[in-house]
Amino acid sequence: MKIGIFDPYLDDLGGGEKYMMTIAQCLSRRHEVFVFWDNYKDVEVLLERFSLDLSGVCFTKNIFTPGVPFLERVLKTRSYDVIILLSDGSIPFVLSKKLFLHFQQPMQHVSVHSFKSKLKFRRVNGIFCNSQFTKSFIDRAFHTIAHVIYPPIELHSKKVAKENIILHVGRFRVKNVGIGDYKKQSVMIDAFKKMVDNGLTYWKFTLAVSVQEKDVHEFEKLKKVAQGYPIEFVLNKSNEDLWNIYSRSKIYWHASGFGEDLITHPEYAEHFGISTVEAMGAGCVPVVIDAGGQAEIVENEKNGFLWKTLKDLQTKTKILMEDEKLWKDMSLRAVERAELFNNQRFCSEVSHIIQQ
């Protein structure tokens, strides 16, 4: 089959982009796959960042940019058997034999009631989401029953000695999000600083973050807040480098959605939590917020802890620090849990959906 894939955010790499490009990698083994993106500098960056084998994928003209005439786009799509799009809530009109939409985040304020929207939606063969959390909102918004295909996680744990490191991995984003510290990295820094002020020693908090040039000024402010404490920042690392950090760390923190009105703005929670699974795969025990997709990953008190308050975060982290046997038991179970989200499972489920 001839398959086209479009992700409008390939110039701002995150979990959704890894998800979509892994679809491209998987399907290119048996099909002719094209990705609609013609900024090759962006392609070079994503190849380095994600360490994917996209040698069988052709990056071609992005026909979904506003500058491409409607008729040209429609005629181009007619030659495709399948088109898969990461949707921002909109549904483009295409003439491919099949159209599948993927949603990475909850959406509430979309309209599918107009005649035009209904006409375009009738051409959609299937919708799939990255978590049950996302699906619950998409089903209500689009009056549909979406599939859930959990993101693919390739585990590359290194056999190195564990260190007393609490780790967080995530993008640093302030602008173009609508809220301040999207990943709540400043919240976690404050929580760790309080633990140090209360007597914690011999532990370090490492934040492995990706920072775009436009956000450097705000990021420097975050670094200043951490000065004087055993807190380090590692920037814009490749997957290979991240696995070295995961493998040395003992505990993993995540706090997206803390303090937000997640009923009104569910998109502020973590929609799934790829970095949480990666950390678990390297034997890190997660201590993550009980919100969004995190609760689908972590089985509370079995392979990690879920928390609702910052005091809860600090208390459960301290339990792991002080009970080595508990940490080892949870670490082993975390690895077992992470293995359920493997690449082979993902490829099989994607292939099954597009055959429908």
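What follows draws every value from the coordinates through simple rules; no lab data is involved. All values reported here derive from a predicted model rather than from experimental measurement. Backbone-built Cβ (ideal geometry, glycine too); neighbour counts: all protein chains shown.
In a simple Cβ point-charge model (Lys, Arg +1; Asp, Glu -1; nothing else charged), the range 9-82 has a dipole of about 280 debye relative to its Cα centre.
The charge dipole of the range 2-149, taken about its Cα centre with unit charges on the Cβ atoms of Lys, Arg (+1), Asp and Glu (-1) only, comes to about 840 debye. Here's the picture: charge each Lys and Arg Cβ at +1 and each Asp and Glu Cβ at -1 in the chain, and of 293, 195, 305 the one pushed furthest to the positive end of that dipole is 293. Quick check on my link table: of 159/318; 18/194; 2/159, which ones sit more than 31 Å apart, alpha carbon to alpha carbon? Those over the limit are 18/194; 2/159.
Applying 0.36 nm per residue to the separation of residue 58 and residue 143 and subtracting their alpha-carbon distance, the gain on full extension is 27.2 nm. Computed on the range 245-316, with alpha-carbon pairs under 8 angstrom and 6+ residues apart, the relative contact order is 32 percent. All other residues whose Cβ lies under 13 angstrom from that of residue 283 are scored, Lys and Arg at +1 and Asp and Glu at -1, for a net of +3. In this structure, the amide hydrogen of residue 147, modeled 1.01 Å from its nitrogen in the peptide plane, lies closer than 5 angstrom to those of 127, 128, 129, counting only residues at least 5 positions away or on a different chain.
The Cys residues in the chain with no partner Cys Cβ within less than 4.7 Å of their Cβ are 58, 129, 284.
Charges were assigned to the Cβ only: +1 to each Lys and Arg, -1 to each Asp and Glu. The resulting dipole of the chain about its Cα centre is roughly 680 debye. Each of 265, 84, 74 was scored by the projection of its Cα onto the charge dipole of the chain, and the greatest displacement toward the positive side belongs to 74; charges sit on the C-beta of Lys, Arg, Asp and Glu. In the chain, the calculated helix contribution to ellipticity at 222 nm averages -11500 deg cm²/dmol per residue, counting -39,500 (n - 2.57) for every DSSP H run with n ≥ 4. Taking a ≥ b ≥ c as the square roots of the eigenvalues of the Cα gyration tensor, the range 34-166 is classed as oblate, since a/c reaches at least 1.5 and a/b does not exceed b/c. Only Cα pairs under 8 Å and 6+ residues apart enter the sum, and on that basis the relative contact order of the range 2-149 stands at 19 percent. Sorting 22-35, 337-350, 213-226 by their mean Cβ neighbour count within 10 Å, with the most densely packed peptide first, gives 22-35, 337-350, 213-226. You can think of it this way: the chain between residue 234 and residue 302 has 21.5 nm of extra reach, that is 0.36 nm per residue less the Cα-Cα gap. Remark on residue 307: its backbone amide H falls under 5 Å from those of 288, 289, 290, a criterion applied only to residues 5 or more positions apart or on other chains, H modelled at 1.01 Å from N. Projecting the Cα atoms of 331, 219, 252 onto the dipole axis of the range 165-340, where Lys and Arg carry +1 and Asp and Glu carry -1 at the beta carbon, places 219 farthest toward the positive end. Taking 1.306 mPa s as the viscosity and 10 °C as the temperature, the Stokes-Einstein diffusion coefficient of the chain based on its alpha-carbon Kirkwood radius rounds to 75 µm²/s. Taking a ≥ b ≥ c as the square roots of the eigenvalues of the Cα gyration tensor of the range 165-340, is the shape rounded (a/c under 1.5), prolate (a/b larger than b/c) or oblate? Rounded, since a/c falls under 1.5. Measuring nothing but how far apart in sequence close Cα pairs (under 8 Å, 6+ apart) lie, relative to its length, the chain scores a relative contact order of 15 percent.
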